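The values are calculated or read from the model by the stated rules, or taken from the named source; none is laboratory data. Being a predicted model, the structure only gives us computed values, none of them experimental. Virtual Cβ from ideal backbone geometry, glycine too; neighbours counted across all protein chains shown.
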Amino acid sequence: MTDITEANGPSGRLLVIGGGENRTCGTGPLKEFVALSGAQRSRIVVVTTATGIPEEVTAEYTMVFHRLGVSAVTELRLLGRTTADDPASLTMIEQATGVLFSGGDQSRFRTLVGSRTNALLHRRLRYDGLVIAGTSAGATAMGRWMILGGEGRDVAASAVRIGPGLDLLGNVLIDMHFAERGRLPRLLSGIALDVQYLGVGIDEDTAIVVGGGRFEVIGRGVVTVVDADRATVAYASNNPMALFDVRLHLLPAGCWFDMEQRKPWFGPIREEEE
């Protein structure tokens, strides 16, 4: 499928949040999500697949979105492949201007991969201007591959577990709660397994807004980009990796990154004059 990293294609936007977003005063990434989704005219669907407390999560987000002037907020639970392929679920996605995937346990998203809902999200992102946000577990699920778990201080194959994601952001491997939980070794481990991917680690209450092959950083933290396309990797399955020539970029709010040219910028990217 065509992904949002292509420069001239998609009309929609992805908003990928590192978790811990401000839900009390209606600022930061969630405010941006509402603005992109149509402000007070937004029709927001909250997908609670990943969480074990869907009623509580839905109530919190509904309160925030109401505070931002949005009255049309609906929960979509998608507990398995049957509901992900159900026409009623597809109708809710068709009618939405913004879809938010909540946090929780990202392994629960595996039943959505390749579903009719997954295909519809691709199409609406590509052609219809749909805004899709994911936070915490919902953030890592945005990639073609998602981090399912793994901890530790070493950069090693055993330090990370990876599985198929929703493939809405094809060439990026995302990690969340990044600085707060010291996850640079985990992201490096994941990228070393396939150096064609960009590693993007997002701090809490911080997000990237993706469109046209680029992203902008918003929020109060930092986004860490790991680029290993020129790197040399050597490892054994249970030992620390040797990893040479990795590029590391730290991007606070206001910075941009071109994912096709693999290039960071200090401010908005301006098109070259012809």
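Could you check the range 187-241 and list, in sequence order, the residues that are among the small types (Gly, Ala, Ser) and farther than 22 Å from ALA137 by Cα? Please lay out each step first, then the result.
Filtering the range 187-241 down to residues among the small types (Gly, Ala, Ser) leaves 189-190, 192, 199, 201, 207, 211-213, 219, 221, 228, 231, 234, 236-237.
If the condition is that a residue be among the small types (Gly, Ala, Ser) and farther than 22 Å from ALA137 by Cα, then GLY212, GLY213, ALA228, ALA231, ALA234, ALA236, SER237 are the ones that fit.
Please determine whether any residue of the range 52-74 is among the polar types (S, T, N, Q), exposed (fewer than 15 other Cβ atoms within 10 Å of the Cβ) and out of contact with any Pro (no Cβ under 7 Å at 6 or more places or on another chain). Don't jump to the end; show me each part of the working.
Step one: filter the range 52-74 for residues among the polar types (S, T, N, Q), giving 58, 62, 71, 74.
Filter again for exposed (fewer than 15 other Cβ atoms within 10 Å of the Cβ), leaving 71, 74.
Next cut, out of contact with any Pro (no Cβ under 7 Å at 6 or more places or on another chain) only: 71, 74.
Yes, some residue in the range 52-74 is among the polar types (S, T, N, Q), exposed (fewer than 15 other Cβ atoms within 10 Å of the Cβ) and out of contact with any Pro (no Cβ under 7 Å at 6 or more places or on another chain).
Checking ALA137 against (1) surrounded by 21 or more Cβ atoms within 10 Å (Cβ to Cβ); (2) under 22 Å from GLY211 (Cβ atoms); (3) among the small types (Gly, Ala, Ser): exactly one of these is not met. Which one?
For ALA137, the failing item is (2).
Any residue at all in the range 134-152 that's farther than 22 Å from ASP227 by Cα and either without any contact (Cβ under 8 Å) to a residue 40 or more places away in the chain or not in a helix (DSSP H, G or I) (or both)?
Scanning the range 134-152 turns up at least one residue that is farther than 22 Å from ASP227 by Cα and either without any contact (Cβ under 8 Å) to a residue 40 or more places away in the chain or not in a helix (DSSP H, G or I) (or both).
Just the residues that are buried (at least 24 other Cβ atoms within 10 Å of the Cβ), under 14 Å from ALA139 (Cα atoms) and either without any contact (Cβ under 8 Å) to a residue 60 or more places away in the chain or out of contact with any strand residue (DSSP E or B) (no Cβ under 6 Å at 6 or more places or on another chain) (or both), please, taken from the range 169-186.
If the condition is that a residue be buried (at least 24 other Cβ atoms within 10 Å of the Cβ), under 14 Å from ALA139 (Cα atoms) and either without any contact (Cβ under 8 Å) to a residue 60 or more places away in the chain or out of contact with any strand residue (DSSP E or B) (no Cβ under 6 Å at 6 or more places or on another chain) (or both), then LEU173, ASP175 are the ones that fit.
If SER89 passes every condition in (1) closer than 23 Å to SER11 by Cβ; (2) within 16 Å of the chain's Cα centre (by Cα) but one, which one does it miss?
Here SER89 clears every test but (2).
Can you find a residue that is in a helix (DSSP H, G or I) and at pLDDT below 95 anywhere in the range 88-104?
Scanning the range 88-104, I find no residue that is in a helix (DSSP H, G or I) and at pLDDT below 95, so the answer is no.
Condition test on GLY221, is it of a type outside the set (Asp, Glu), touching a residue at least 12 places away in the same chain (Cβ under 8 Å), surrounded by 18 or more Cβ atoms within 10 Å (Cβ to Cβ) and more than 16 Å from ARG144 (Cβ to Cβ)?
Working: of a type outside the set (Asp, Glu): yes; touching a residue at least 12 places away in the same chain (Cβ under 8 Å): yes; surrounded by 18 or more Cβ atoms within 10 Å (Cβ to Cβ): yes; more than 16 Å from ARG144 (Cβ to Cβ): yes.
Judged against the criteria, GLY221 is a match.
For the range 58-87, what are the residues that are among the hydrophobic types (A, V, I, L, M, F, W, C) and farther than 24 Å from ARG116 by Cβ? Steps first, please.
Step one: list which residues in the range 58-87 are among the hydrophobic types (A, V, I, L, M, F, W, C), which gives 59, 63-65, 68, 70, 72-73, 76, 78-79, 84.
Within the range 58-87, ALA59, MET63, VAL64, PHE65, LEU68, VAL70 qualify.
What about GLY129, is it farther than 20 Å from ILE53 by Cβ and either outside any loop (DSSP other than H, G, I, E, B) or in contact (Cβ under 8 Å) with a residue 12 or more places away in the chain (or both)?
yes
The rows are residues; the columns are (1) at negative phi; (2) among the aromatic types (Phe, Trp, Tyr).
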residue	(1), (2)
GLY18	yes, no
THR24	yes, no
PRO29	yes, no
GLU32	yes, no
SER37	yes, no
ARG41	yes, no
TYR61	yes, yes
GLY69	no, no
